[in-house]
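Report on the following structure.
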Amino acid sequence: MKKIVILVCLLLTVIACKKEQQSTNTLEAKVSELLEKMSLDEKLGQLNLRGTSSRVKGKLSDSLKQAVRDGKIGAFLNVSNTAFVDELQRIAVEESPNKIPLIFARDVIHGYKTLFPIPLGMAASWDAKIAENSSRVAAIEAASFGIRWTFAPMLDIARDSRWGRIAESPGEDPFLASKLSEAYVKGFQGDSLNDPTSLIACAKHFVGYGAAIGGRDYNTVSMNEALLHNVYLPSFKSAVAAGTQTFMTAFNEMNGIPASGDKKMLTEILRHDYGFDGFVVSDWDSVEEMIAHGFAVDDKHAAEISLNAGLNMEMNSKTFEMHAKKLLQEGSITEATIDALVAEILRVKLRMGLFENPYRVDNSDNLYAAAHLQLAKEAVVKSSVLLKNDQNILPLASETNIAVIGPLADKPREQLGTWSFDGDGKYTKTPILAFETENVNYNFVEGLSYSRDKSTQDFSKAVAAAKQADVILFIGGEEAILSGEAHSRAEINLPGAQEQLIKELAKTGKPIVLIIMAGRPITVGNILNDVDAILMTWHPGTMGGPAIHDMIFGKAEPCGRLPVTWPKVAGQSPIYYNHKTTGRPVIPEEFVQMDSIPIGAWQSSLGNTTHYLDIGYLPQYPFGYGLSYTSFEYSNLTLSSNTISENNDITLKVTVKNTGKRTGSDIAQLYVQDVVGRITRPAKELKGYQPVTLKPNEATELTFTLSLEALKYYDNDVVFDVEKGDFNIWVGQNSAAGLMTTIKYE
Ligand code: BGC
């Protein structure tokens with residue numbers, strides 16, 4: 001019987017493989033058939049992504065329509081008028097020489113109409129399922145407008161909170177980012193690429209963009225091979241494994257080569273090593289920008305470099321359109337190169353089913369659907385991080401008399417965050433709207449009218465309101481425009497006079513709960529002692545208000561854990577938990593704070609370790625940190641074996657107990673340190689995590705599995721291996737805590 005079952009299984013696998021092979025053959029045959037029929041102009045047209053700025057609506061010009069009719073455009077970005085989408089697609093599939101459909105692209109980053117928390121917030125959920133579901137919702141809503149290609153997920157590891165685009169990132173950790181990467185790709189692309197609600201995903205920005213010097217956007221990146229492969233590439237590799245159909249190059253140069261001209265990355269690594277068979281689009285004008293980088297002499301040279309590097313489609317700038325023919329005539333590029341680039345685009349268009357179903361399916365009934373809003377609210381709860389909660393001031397009792405103060409308590413557009421131009425502010429539920437709906441006992445005085453406001457004129461009104469209340473709820477942070485692309489900041493504390501206002505409010509002696517809405521960690525050192533609780537909601541999106549209401553009153557518990565290290569001051573950046581130990585690791589007992597140095601002290605290397613004299617060596621809050629409304633105790637860390645080998649995974653068990661008075665959730669985190677390596681190894685690396693929800697006094701045993709594969713790493717010769725020796729292991733609540741044990745690979 002057993003044998004028969006095995007045989008049947010084998011047979012079914014063979015049939016499935018054959019079918020897959022047949023459909024690949026058919027697909028490739030169709031690609032070749034099309035290529036044979038296409039003129040050179042039409043082929044080059046496929047490489048052309050025509051963009052318009054997100055704000056320009058304009059008119060459909062005759063010349064644009066003619067370009068589509070002639071097959072000179074392969075895809076469009078930001079066509080926000082559905083009548084234009086329909087008309088352009090009609091011309092492409094009815095009037096162009098080979099009736100090749102267009103793809104319409106848009107930056108659908110954290111939702112389309114229903115906006116979810118910004119990606120950094122979603123990362124704080126550590127919840128791949130909600131990331132997947134949120135991108136599915138985004139796809140359904142966007143597809144209704146004819147959009148079938150999103151420029152997401154953004155997968156740049158970010159270790160510097162000054163960088164404005166940290167808001168769009170999955171945070172600082174490659175393990176977490178890889179889980180999210182896979183989830184986003186699955187959510188956008190759905191079960192089948194040819195479903196009319198599937199959006200092809202675009203893994204961006206390839207690669208190293210988050211390592212820009214000093215957190216300054218577009219800046220230079222220096223990267224060694226080990227860092228690239230161990231930290232910056234895994235999230236992209238995981239997107240390929242999840243089936244992403246497209247990639248976008250980055251603006252930056254890495255080790256002297258601008259990303260849009262980097263043949264090693266685009267061809268050797270992406271195509272050959274990772275097996276990616278979709279297509280790569282440049283970032284906006286990034287081909288042309290190779291001139292400013294000092295890498296290309298002129299537009300023609302830029303086109304030559306990018307085409308030969310393996311860049312399929314040019315966004316906005318027109319160097320391919322203007323110069324590819326000439327480059328072919330001169331022999332600087334070959335027709336085989338062009339054919340290969342076009343084939344990759346056609347393959348994706350065929351997979352999307354656009355030849356059979358080129359038109360959008362109007363499912364606009366789904367916009368802001370109740371289920372979408374519900375999911376968006378759940379996402380805020382899952383991504384909000386409780387950073388401080390002295391005397392368990394949160395949650396508040398329902399009858400508490402609250403003074404709501406602050407510039408972001410009732411700003412429908414600001415709470416949507418970066419990349420929210422499709423979200424309609426009138427659907428946004430602000431905290432004030434939610435409090436009104438829920439009959440909260442509150443009094444609202446804004447105090448400052450926007451986050452950068454420096455005027456103190458309304459301070460007295462705010463203080464007067466505070467005096468009448470039991471608790472002050474200060475809702476501040478950063479307006480949406482202060483993070484995102486080109487919005488790096490050198491100081492990352494609360495902007496404007498927010499700190500000043502908080503200090504005035506603190507003088508009333510009333511407890512202060514600070515709710516931060518922002519696109520990055522905000523340094524809170526100046527006001528930390530003035531506030532009793534801090535809840536980070538990032539830019540929470542459409543449903544921020546109701547979620548904040550529920551968290552404040554304990555109908556829900558904030559579940560987020562930091563996906564980035566939270567600095568004390570901007571000057572600590574870049575700061576990240578998986579740093580190297582250095583030859584002089586910190587010895588806490590030996591740290592000498594600057595103010596303790598005697599005046600006129602003898603020249604000496606005080607403390608002798610890697611730290612700052614003024615603020616020391618610790619961040620404000622470590623990676624993985626977040627409080628609950630209850631408390632947890634971790635105990636009994638046990639191992640199935642003290643040794644690990646190729647065929648012997650280790651099982652770790654740990655008991656987690658809810659020691660508080662409320663049901664609550666935690667995320668148990670597993671970290672490893674490879675004590676000695678063939679190159680130096682990080683102080684800690686996340687290798688696993690598990691959410692856990694427990695009733696008061698309830699305990700459970702969690703199991704983690706660790707394989708030797710998970711311990712392997714790349715060195716600077718790009719060899720993926722691990723050597724024998726000791727490994728420290730921690731299981732606990734964040735990257736700076738946990739029970740510790742040691743294993744050996746022998
Ligand atoms: C950004 C990309 C974005 C593109 C199109 C660029 O400025 O870097 O992330 O997808 O614009 O809007």
Filter result (more than 16 Å from the ligand (Cβ to nearest atom), part of a helix (DSSP H, G or I) and not small (Gly, Ala, Ser)) within segment 287-307
Ile291, Asp299, Lys300, His301, Glu304, Ile305, Leu307
Only residues in segment 354-380 that are closer than 22 Å to Met122 by Cα count as the first member; pair them with residues that are among the charged types (D, E, K, R) and in a loop (DSSP other than H, G, I, E, B), Cβ under 7 angstrom, at least 6 apart or cross-chain, and list the lot.
Leu367/Lys113; Tyr368/Lys113
Residues within segment 48-67 that are closer than 19 Å to Val348 by Cα and either modelled with pLDDT of 95 or more or touching a Cys at 6+ places or on another chain (Cβ under 8 Å) (or both), tallied:
2
The lone exception for Val108 - which of (1) out of contact with any strand residue (DSSP E or B) (no Cβ under 6 Å at 6 or more places or on another chain); (2) under 30 Å from Leu44 (Cβ atoms) it fails:
(1)
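Just checking, how many residues over segment 196-223 are in a loop (DSSP other than H, G, I, E, B) and closer than 18 Å to Arg347 by Cα?
4
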In segment 165-195, the residues that are assigned to a loop (DSSP other than H, G, I, E, B), among the small types (Gly, Ala, Ser) and surrounded by fewer than 24 Cβ atoms within 10 Å (Cβ to Cβ):
Gly190, Ser192
For segment 68-84, which positions are farther than 18 Å from Cys202 by Cβ and at pLDDT below 95?
Ser80, Asn81, Thr82, Ala83, Phe84
Note on segment 510-531: residues open to solvent by 10 Å² or more (accessible area, probe 1.4 Å) and more than 30 Å from the chain's Cα centre (by Cα) are Lys510, Pro511, Asn529, Asp530
What helices (runs of 4 or more DSSP H), lying completely within segment 308-384, carry at least 1 residues that are of a type outside the set (Ser, Thr, Tyr) and under 23 Å from Arg136 (Cα atoms)?
335-351, 370-383
List pairs: first in segment 709-738 and in the same structural domain as Ile667 (by TED's automatic domain parsing), second at pLDDT below 95 and part of a loop (DSSP other than H, G, I, E, B), Cβ under 6 Å, 6+ apart or cross-chain?
Lys724/Glu746
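Per-residue answers, yes or no, for (1) among the aliphatic types (A, V, I, L, M); (2) surrounded by fewer than 22 Cβ atoms within 10 Å (Cβ to Cβ); (3) within 36 Å of the chain's Cα centre (by Cα):
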site	(1), (2), (3)
Ile432	yes, yes, yes
Lys454	no, yes, yes
Val463	yes, yes, no
Gln468	no, yes, no
Leu473	yes, no, yes
Scanning segment 311-334 for residues that are open to solvent by 30 Å² or more (accessible area, probe 1.4 Å) and either within 30 Å of the chain's Cα centre (by Cα) or within 15 Å of the ligand (Cβ to nearest atom) (or both) gives Asn316, Lys318
Failed condition for Ala83, given (1) touching a helix residue (DSSP H, G or I) at 6+ places or on another chain (Cβ under 7 Å); (2) more than 26 Å from Asn312 (Cα to Cα); (3) assigned to a helix (DSSP H, G or I), with all others met?
(1)
Kindly provide the set of residues from segment 185-195 that are more than 14 Å from the ligand (Cβ to nearest atom) and farther than 27 Å from Gly261 by Cα, ordered by number.
Lys186, Gly187, Gln189, Gly190, Asp191, Ser192, Leu193, Asn194, Asp195
Is there any pair with a first residue in segment 245-273 that is within 17 Å of His301 (Cα to Cα) and of a type in the set (S, T, N, Q) and a second that is more than 15 Å from the ligand (Cβ to nearest atom) and assigned to a helix (DSSP H, G or I) whose Cβ atoms are under 7 Å apart and which are 6 or more apart or on different chains, and what are they?
Ser260/Met290; Ser260/Ser306
What are the residue pairs meeting all of these: first residue in segment 386-401, first residue over 23 Å from Ile667 (Cβ atoms), second residue open to solvent by 40 Å² or more (accessible area, probe 1.4 Å) and in a strand (DSSP E or B), Cβ atoms under 9 Å, and 6 or more apart or on different chains?
Thr400/Tyr442; Asn401/Tyr442; Asn401/Asn443
When residues of segment 196-221 are limited to those that are more than 15 Å from the ligand (Cβ to nearest atom) and in contact (Cβ under 8 Å) with a residue 40 or more places away in the chain, the one most open to solvent (accessible area, probe 1.4 Å)
Pro196
Report, ordered by the first and then the second residue, all pairs with beta carbons closer than 8 Å, sequence separation of six or more or different chains, a first member in segment 275-286 that is near the ligand (Cβ under 9 Å from one of its atoms), and a second member that is acidic (Asp, Glu) and at pLDDT 95 or above.
Val281/Glu314
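Counting just the residues of segment 302-339 that are of a type in the set (S, T, N, Q) and touching a residue at least 40 places away in the same chain (Cβ under 8 Å), which one comes out nearest to Glu36 (Cα to Cα)?
Asn312
Tally time: how many residues in segment 475-509 are open to solvent by 50 Å² or more (accessible area, probe 1.4 Å) and over 19 Å from the mean Cα position of the chain (by Cα)?
Matching residues across segment 475-509 total 7.
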Failed condition for Asp127, given (1) crowded, with 22+ Cβ neighbours inside 10 Å; (2) touching a helix residue (DSSP H, G or I) at 6+ places or on another chain (Cβ under 8 Å); (3) under 24 Å from Leu47 (Cβ atoms)
(3)
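Which of the strands (runs of 3 or more DSSP E) found entirely inside segment 593-702 contain at least 2 residues meeting this: open to solvent by 40 Å² or more (accessible area, probe 1.4 Å)?
Ranges flagged: 632-639, 650-658, 685-694.
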Under 6 Å between Cβ atoms, at least 6 apart or on separate chains: pull out the pairs that start in segment 33-45 with a residue that is small (Gly, Ala, Ser) and end on any residue that is open to solvent by less than 20 Å² (accessible area, probe 1.4 Å).
Gly45/Gly71; Gly45/Ile73; Gly45/Gly74
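I'd like to check something: does segment 234-247 contain any residue that is at positive phi and within 14 Å of the ligand (Cβ to nearest atom)?
From segment 234-247, those at positive phi are 243; that's our starting set.
Restricting the remaining residues to those that are within 14 Å of the ligand (Cβ to nearest atom) gives none.
No: segment 234-247 contains no residue that is at positive phi and within 14 Å of the ligand (Cβ to nearest atom).
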Answer with yes or no whether Asp715 is open to solvent by less than 30 Å² (accessible area, probe 1.4 Å), touching a Ser or Thr at 6+ places or on another chain (Cβ under 8 Å) and at pLDDT 95 or above.
no
Of the conditions (1) touching a Leu at 6+ places or on another chain (Cβ under 7 Å); (2) part of a strand (DSSP E or B), the single one that Lys388 does not satisfy is (1)
Within segment 74-82, is even one residue within 16 Å of the ligand (Cβ to nearest atom), within 22 Å of the chain's Cα centre (by Cα), over 12 Å from Gly146 (Cα atoms) and in contact (Cβ under 8 Å) with a residue 24 or more places away in the chain?
no
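The values are calculated or read from the model by the stated rules, or taken from the named source; none is laboratory data. None of these values were measured; they are calculated from a predicted model. Using ideal geometry, Cβ is built from the backbone for each residue, glycine included, and neighbour counts are taken over all protein chains shown. Surface accessibility is based on the protein's heavy atoms, side chains included, excluding ligands, DNA and RNA. Shrake-Rupley method; radii C 1.70, N 1.55, O 1.52, S 1.80 Å.
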